[in-house]
Amino acid sequence: MSLFQELKRRNVIRVAIGYAVLAWLVAQVADLFMEAFGAPDWALKTLLLLLLLGFPVAVFFAWAFEMTPEGIKREKEVDRSQSITSQTGRKLDRAIIGILVLALAYFVWDKFGARQVQSPSNVQTAAVAADDEAPAETSLPNDKSIAVLPFENRSRQEGDEFFASGIHDDLLTQLAQISSLRVISRTSVAQFKGTTLSIREIAETLGVATILEGGVQRAGNQVRINMQLIDAGTDAHLWAQTFDRELTANNIFSIQSEVATAVTNAMRATLTPEEQQRIRDVPTEDMAALELYFKGRAELDQRTLPAIESARLRFEEARRLDPGFALAWAGEALSTLLLSDSDSSYGDIPGKEAVAMARPLIEEAYRLAPNDPQVLGVYGLLLRNEDKLEEALEFYQRSLAINPSSGEVINWQRMAQGATGQYEQALESAARMVEVDPMSMIGLYNAIASFMNTPYDDPVRIGALLDRLEGLDKSFGLSARALVAESHGQIADSIRYYYLGLELDPGRSSIRQNLGGWLFNLGLYEEAMRADPNLDELDLAWARMDRENIVRLAQAEFEEKQDNPSRITYVFALAVAKQDWEGAMALVPEAWQEVQDAGTSNPGLATGFAWIAKQAEYPTEARVFREAAVEGLRDVMESGYSSLFALFLKFRLALIDERNDEAIDLMHQRIDMGWRALQLAEAPWALTLHDHPGWAGVIARMDQTIDAERAEVVALLCGPEPIVSIHQPAPETCALYPDP
């Protein structure tokens, strides 16, 4: 007898077929129930492994053992004449038929029943149909909010990571343009790349009801993109789809459009005709240009000088390959602006030169795509760099009207609103920034800084933001805690936080700058310059009330910064240091006009100019500047600010009005909130207070406060347990530490 005939006689083949069909059915049903009960992924994988291991065991038992009327016996112990394998075979046939019927019934139900609830589209056409059947109402989350997790790169090439990232970014941007959805910004979802957190944990952190996850795999000229939309509350799949297409730019954007439409339908959100048209737009048909753009954007996100320089070259090459690719033009413009030498940028291109280079780039992008939110946002940033704040705000508003989930543009808008005196709107933007980008370190830091001493300054709220920021970056979180301490007048605690942050991240320039400034304020000059070697000489001259150097340095800065509105800050420095009020008044009108042209609101400068005008005996000009300062103070107070800035404005106005009792009281309040001024007794702007009976008390309190805080900082640095190990204090600092 042949081996095949013997396998048939022993029912091995029947057992193998029956086991395979039954295992498939068990796996399908298990998948359904495990998903419904929220079982972890490893549970199904374990079951599948057991089923796979069971197959050779079943085949072995069918070969080696036989069913007999007396029970199971080893096959070699059974008399062939007494064998009932034929009867057993017929029973197995009936069992196999029954299992096949069940499997077929499950397949039909899965294909035409349940999966239609989960998947309102098929690969080719249904994903773009507006009237696709939506998921059952019971499976829909109430909140139409979504986070698009970073896509998994399933290609063999690690270099394809940028490709998966680019597709993820584009799809997220498309979804963000659908007004009926609330989409979490890219910066926040990027924190969950490669995470081990569950879908529910991610959703709770980001405050969303649904999660879209997927993977991208490309091989040769083919690409496979698979997506699944998950209800975070139940872990149920609302929609899932796999796309296999030829790798072309048109197909990439087509898939993204189909996914955006299908997700919108699955969530029963509204998609307007204008939004439908936007998500169907094809920015470029050149695949090489698209890949360069993806690479450039990934580098731009790193926000380091080498990466930004490389990104600029990639964007430039992309728009050369496709001159109609608006996003490449905008990317090059943004890279150029980020390479300027301004405080918020990363390069050394002079500001005016960077703006001159970026303007034709963004103008071409705007000509090609006047309604693209990224183009509009970058155009607004260019205008901000040109000090055209009102125009910049218009472009930011247009950008956010299309893509309200851009944390980056919201942050740019917040800064412009603050500069134009829209303090309440700036606070609202800070709150909105945290909502759409809850895991952005920059967003969290700026929100904490904005909320202090405002109606948003709730200890629970601030504490939660601080904890979240520290969870993302301990050093950055400590820097934010320093800001909170400053706002409460706890300067030594603030310096301690800065040093702890510096220990963790010695290269963080923002910590060094803030730390250096406070050390200056406490008279620890050498220590300040060790913390921040780039400290401004003019600040040092002011701290020491070195009038000769104040005049020299302020004059040089004023002359150097031609056509730069920031030079107006040196007018007041010159006036105070030289006490040449008439000469200062000759500069004030031009400086004030520059403020007006820039559209900025600067009540601080207005009080300074009003004081200069009063000293120079120009009553009309003094009244005009005072009214401007009062109006600015009113805007600050109406927004709910109770910060040092508000106290500063009140104090200056009290001096101008010669309300000296009030001015003295305000000086004490400023000390409580962290104002520190060395050489206060020599301050020329306080000359009118020197004969006031409360003046000596202010001087004494300021000196005592600074002395106590200086001693505390010296002990932190030079005591038996120094607060940092990477920082060597200046000898002059430790000379102040008392001998044990």
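Some values worked out for this structure:
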| read-out | value |
| --- | --- |
| Other-chain or far-sequence residues with amide H under 5 Å of G215's (modelled H) | E152, N226 |
| Length gained when the stretch E309-A190 is fully extended (0.36 nm per residue, less Cα-Cα span) | 40.6 nm |
| Over the range 620-732: Rg over Rh, Cα atoms, Kirkwood Rh | 1.11 |
| Neighbour-limited loop hits for chymotrypsin sites (Phe, Trp or Tyr not before Pro), the range 427-503 (at most 14 other Cβ within 10 Å; DSSP other than H, G, I, E, B) | none |
| FRET efficiency estimate (nearest 0.05) - Cβ-Cβ, L48 to S509, R0 60 angstrom | 0.70 |
| For the range 671-711, convex hull volume per residue from C-alpha positions, Å³ | 67 Å³ |
| Distant alpha-carbon pairs in the range 371-444 (separation over 20 angstrom), percent | 22 percent |
| Test item: Cα-centred dipole of the range 589-732, Lys/Arg +1 and Asp/Glu -1 on Cβ, debye | 120 debye |
| In range of the label at R544: residues from the range 496-528 whose backbone nitrogen is under 18 Å from the point 7 Å along Cα→Cβ | 516-528 |
| Under 5 Å, built H, 5+ apart or other chain: amide partners of A236 | D231 |
| 18 Å Cα-Cα reach of K45 towards aspartates and glutamates, excluding residues that sit fewer than 8 places from it in its own chain | D31, E35, D235 |
| Magnitude of the charge dipole, the range 276-388, Cβ model with Lys/Arg +1 and Asp/Glu -1, debye to 20 | 260 debye |
| Unit Cα scatterers, Debye sum, the range 224-342: log10 I(q)/I(0) for q = 0.21 Å⁻¹ | -1.07 |
| Whether the range 188-284 is rounded, prolate or oblate, judged on the alpha carbon gyration tensor where a/c under 1.5 counts as rounded | oblate |
| Rg(Cα) / (2.2 N^0.38 Å) computed for the range 286-385, rounded to two decimals | 0.97 |
| Label-point gap, in nm, between A464 and D657 - each point 7 angstrom along Cα→Cβ | 4.0 nm |
| Reachable aspartates and glutamates from K388, criterion Cα separation under 15 angstrom, eight or more residues apart if same chain | D563, E594, D597 |
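Every number here is computed from the coordinates shown, using simple stated rules; none is lab data. Predicted, not measured: the structure shown is a model, and the values here were computed from it. No Cβ is skipped: glycine too gets one built from the backbone with ideal geometry, and neighbour counts run over all protein chains shown.
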